[in-house]
Every structure is written in C-alpha cells, then in structure tokens.
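Take a look at the structure below.
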Amino acid sequence: MELKFFKRNRTLIIKIDGEIDHHTCETLRGETDRAFEKMGGKNIIFRMGDVSFMDSSGIGAIIGRYKNIQRLGGRIAVAEANQRVEQIFQLSAMQSLIPSFPNLDLALEYVEGGKE
C-alpha cells in the first residue's frame, strides 16, 4: 500500500494505492493520524480509486478515523472509489456514515460545508 498526503485548507486528502488489509491498516491509521495532527486538520477525504483490495481491517481503520473526525466537529468522505470499494461500502453499510463521491471536487464541497 502506498499513501500520498495532500492538504487543502483544513482538509487532509489521502490517496491510497494498493491493498488495505490487516497487514497495512496499522500504517494507514498511524500515518493518517500523524499527518492530520501535523497539519491541524478538521476534515479527511480518502481517494480510493486505486485500492485493489480492502478487508474488515481496512473498514475498521476508516471507521476509526471517522470517529476521531466526528469528535472534532469535522467531516470525512471518500472520493473516486472504484467498483470494488463501492461494493465493500454497500455490504458493510459504511455509506450511511461516510458519503462517497465520484470525484474530489464534490467530496471537497461536502467536507468544507457545502451540500449535504
């Protein structure tokens, strides 16, 4: 798994490439939390178009970030999820907590206080 971090205003954008599983989710959690704290962020967007696999550990890592963001009064979203990731989100009912958007612009609009 490869992570690339970007920021826009108070939003941390994380591009994930590869597998999110029990071997890589600790890296996802730790690096995301460190980058978020360092930037003084409020929101997170996960760009998941290049995620090739995600298991329940990956779901848990993302839900954990959701809980942290909720405590701070921020928002979290997914952008550019491929069909495989969308299916996982539907099966796990994650879409009821974390909205998914077809592109980064719509996700940014949501987390920065635009459309619900």
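The values are calculated or read from the model by the stated rules, or taken from the named source; none is laboratory data. Given the structure is predicted, the values throughout are model-derived calculations rather than measurements. In this analysis, Cβ positions are derived from the backbone assuming ideal geometry, glycine residues included, and neighbour counts consider all displayed protein chains. The area values use the complete protein model at the heavy-atom level, side chains included, leaving out ligands, DNA and RNA. Shrake-Rupley method; radii C 1.70, N 1.55, O 1.52, S 1.80 Å.
Some points to look at:
- The set of residues in the stretch 83-104 being out of contact with any strand residue (DSSP E or B) (no Cβ under 9 Å at 6 or more places or on another chain) and of a type in the set (Ser, Thr, Tyr) consists of SER92, SER96.
- Qualifying strands (runs of 3 or more DSSP E) (wholly inside the stretch 1-60; at least 1 residues being in contact (Cβ under 8 Å) with a residue 60 or more places away in the chain and open to solvent by less than 40 Å² (accessible area, probe 1.4 Å)): 11-20, 43-54
- Scanning the stretch 94-102 turns up one or more residues that are modelled with pLDDT under 95, in a helix (DSSP H, G or I) and crowded, with 18+ Cβ neighbours inside 10 Å.
- Answer residue from the stretch 62-86, given it is hydrophobic (A, V, I, L, M, F, W, C) and outside any strand (DSSP E or B) and is surrounded by the fewest Cβ atoms within 10 Å (Cβ to Cβ) among those: LEU72
- Between PHE89, PHE101, the distinction of being under 17 Å from THR11 (Cα atoms) and touching a helix residue (DSSP H, G or I) at 6+ places or on another chain (Cβ under 6 Å) belongs to PHE101 only.
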